[in-house]
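The values are calculated or read from the model by the stated rules, or taken from the named source; none is laboratory data. Please read all numbers here as calculations on a predicted model, not as lab measurements.
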Amino acid sequence: MKVKIVMAALVFFAGGALAADQEKKAPSPAQLAQQQKMKACNAEAGKQALKGDERKKFMSECLGAKEAPPAQQDKMKSCNAEAGTKALKGDERKKFMSECLKGSK
């Protein structure tokens with residue numbers, strides 16, 4: 001009798017675990033990016049053979065590092081600055097910014 005109860009309990013808990021696994025959501029893009037960053041930092045720490053406090057410090061700095069702004073933002077900043085030095089306003093500025101951002105300038 002005890003064996004049947006134990007078996008029933010195992011089936012019940014195993015079924016619950018399988019259902020929970022099936023309900024897991026796919027990671028968000030931000031989570032995927034963080035996972036990739038973690039892998040890269042971990043690999044670099046391994047290459048440098050860091051251990052203990054040195055490894056903790058490195059991982060903290062690596063994971064906390066800000067990524068470089070995307071190229072489009074850099075382009076926007078430089079085009080905006082150039083439009084400012086030329087003192088462009090209104091439609092002239094819009095046209096200049098459009099051409100500059102497209103790269104046809």
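When you scan the range 57-66, do you find a residue that is among the aromatic types (Phe, Trp, Tyr), part of a helix (DSSP H, G or I) and modelled with pLDDT of 70 or more, even just one?
Checked the range 57-66: at least one residue is among the aromatic types (Phe, Trp, Tyr), part of a helix (DSSP H, G or I) and modelled with pLDDT of 70 or more.
How many residues are in a helix (DSSP H, G or I) and either modelled with pLDDT under 65 or over 32 Å from the mean Cα position of the chain (by Cα) (or both) if we restrict to the range 1-45? Spell out the reasoning first.
Step one: filter the range 1-45 for residues in a helix (DSSP H, G or I), giving 2-22, 29-45.
Subsequent filtering for residues that are either modelled with pLDDT under 65 or over 32 Å from the mean Cα position of the chain (by Cα) (or both) retains 2-22.
Of the residues in the range 1-45, 21 are in a helix (DSSP H, G or I) and either modelled with pLDDT under 65 or over 32 Å from the mean Cα position of the chain (by Cα) (or both).
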